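The values are calculated or read from the model by the stated rules, or taken from the named source; none is laboratory data. Quick caveat: nothing in here was measured; it's all calculated off a predicted structure. Here the Cβ positions follow ideal geometry from the backbone for every residue, glycine too, while neighbour counts run over all protein chains shown.
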Amino acid sequence: MLNFPTNGVQEVGGSNPSTQTSKNRLSVWMSVFLLFSENLLKSPKIRAVANTVKIGSAAIEVREGFNKKLFQEIISILLASCSDETTLQVLHEPGRSAGTDSYMWLYRTGRDGPSIILYDYQTTRASKHPERFLSGFKGYLHVDGYAGYNRLPNITLVGCWAHARRKFDEALKALPADKRNTHVAAKEGLNFCNQLFAIERDLKDLTPKQRYEARLERSRPVLDAFLAWLKYQRPRVLPKSAFGQAIQYCLNQWDKLKAFMVDGRLELDNNRSERSIKPFVIGRKNWLFSNAPRGATSSATIYSIVETAKENGLNPLMYLMYLFEKLPNMDIKDKDALDELMPWSATLPEVCKVKNM
């Protein structure tokens, strides 16, 4: 296996703030991510640190072929995926000022099937981006309340009860302290949400079919009572109050919020996506921005591969080392060979797995 320096691998793969020296940072990027650009790979100094020119061709294969394979896999999973997005500053985008927000979109698989996490850099938060990315996908998409997902064809949107619950929690906290422990309407709304989450905890070890049937018996009555309560409360609250906004959010999102009932494999919230976007958010606090669109796109590739590897129980560094060794000697169009390199492949060597960290 290729000899890579391993200092500071947690800078991207982990979540601790960066404290490495410049030399260690170079080790991180060279050992894991020779993915940024052909210009970087042509640098004599970079090639010297890399130890072999062959690593450069492997890095290009990872960026251009391997990440495409991850995309094809997530689109081929016809049941459920999850999505989220966060801001990203890119300093040199054509026709845009350095302070303009760009976005890193996130797409990932749900609770079933292989765990795949994909990041997608785009200049805006417009709906055309998920529509393009998810072209060909048919199934369910777990989302928050952002309207940009509403136009997606052939996709049923599944709302997030964690967001709904948070609205009532915020409404309760907006009350004077001496009112929060009394019988107030905001607490009633919070209790409805808590009931649904308590039911889900009871059902977590069931099969999808069993979970579906149990939801019909236990969750359906809670939903019916909650909807009736929401309709009763709406004309009785100030629309712009925190409580009024919580009521309106749930009513506006109701079709999405109740969608989890149609299949036992669906989830009550979009927390899976929120957890997956967090490593990028933490990383952004350290490195602050991307210099140019190419760097932002490469960051998306980097995070996609590393976070998918982590999600599948792999040591990201050892896994990338394995890819850089294998990819130069294989046909990237060979589907069977590429399948064996996927992070969830049972044929990966033990050295790639997290127990060897």
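Remarks
- Positions within the range 143-160 being assigned to a strand (DSSP E or B) and farther than 14 Å from CYS250 by Cα, in sequence order: ILE155, THR156, LEU157
- Selection count where residues are among the acidic types (Asp, Glu) and within 8 Å of the chain's Cα centre (by Cα), scope the range 262-282: 1
- Here GLY295 fulfils each of the conditions (1) out of contact with any Pro (no Cβ under 6 Å at 6 or more places or on another chain); (2) surrounded by fewer than 22 Cβ atoms within 10 Å (Cβ to Cβ); (3) more than 15 Å from TYR103 (Cα to Cα) apart from (3).
- Screening ILE77 against (1) modelled with pLDDT of 85 or more; (2) more than 13 Å from the chain's Cα centre (by Cα); (3) closer than 28 Å to LYS204 by Cα; (4) not small (Gly, Ala, Ser) leaves a single unmet condition, (1).
- Selection status of LEU157, touching a residue at least 12 places away in the same chain (Cβ under 8 Å) and in contact with a Pro (Cβ under 8 Å, 6 or more places away or on another chain): no
- For the range 138-171, the tally of residues that are under 17 Å from GLN195 (Cα atoms) and either among the acidic types (Asp, Glu) or at pLDDT below 95 (or both) stands at 1.
- Test for HIS163: is it free of Cβ contacts under 8 Å to residues at least 24 places away in the same chain and either more than 15 Å from ALA259 (Cβ to Cβ) or assigned to a helix (DSSP H, G or I) (or both): no
- When the range 335-344 is filtered for residues that are in contact with a Phe, Trp or Tyr (Cβ under 9 Å, 6 or more places away or on another chain) and part of a helix (DSSP H, G or I), only LEU338 remains.
- Candidates LEU238, LEU190, LEU196, LEU266: the one that is over 25 Å from ASN150 (Cβ atoms), in contact (Cβ under 8 Å) with a residue 12 or more places away in the chain and either surrounded by 18 or more Cβ atoms within 10 Å (Cβ to Cβ) or in contact with a helix residue (DSSP H, G or I) (Cβ under 9 Å, 6 or more places away or on another chain) (or both) is LEU190.
- Restricted to the range 108-117, and to residues there that are in contact (Cβ under 8 Å) with a residue 60 or more places away in the chain and under 23 Å from LYS256 (Cα atoms), the residue that is surrounded by the most Cβ atoms within 10 Å (Cβ to Cβ) is ILE117.
- Test: residue in the range 115-131 that is at positive phi and in a loop (DSSP other than H, G, I, E, B): no
- Within the range 308-334, considering residues that are farther than 21 Å from ILE117 by Cβ and not in a loop (DSSP other than H, G, I, E, B), the one modelled with the lowest pLDDT: PRO328
- Condition check for THR182: surrounded by fewer than 18 Cβ atoms within 10 Å (Cβ to Cβ), free of Cβ contacts under 8 Å to residues at least 24 places away in the same chain and assigned to a strand (DSSP E or B): no
- The set of residues in the range 86-112 that are under 17 Å from ASN270 (Cβ atoms) and either at pLDDT 90 or above or part of a loop (DSSP other than H, G, I, E, B) (or both) comprises THR86, TYR103, MET104, TRP105, LEU106, TYR107, ARG108, GLY110, ARG111, ASP112.
- Here TYR140, TYR121 are screened, and the one residue that is among the hydroxyl-bearing types (Ser, Thr, Tyr), surrounded by 18 or more Cβ atoms within 10 Å (Cβ to Cβ) and over 30 Å from LEU251 (Cβ atoms) is TYR121.
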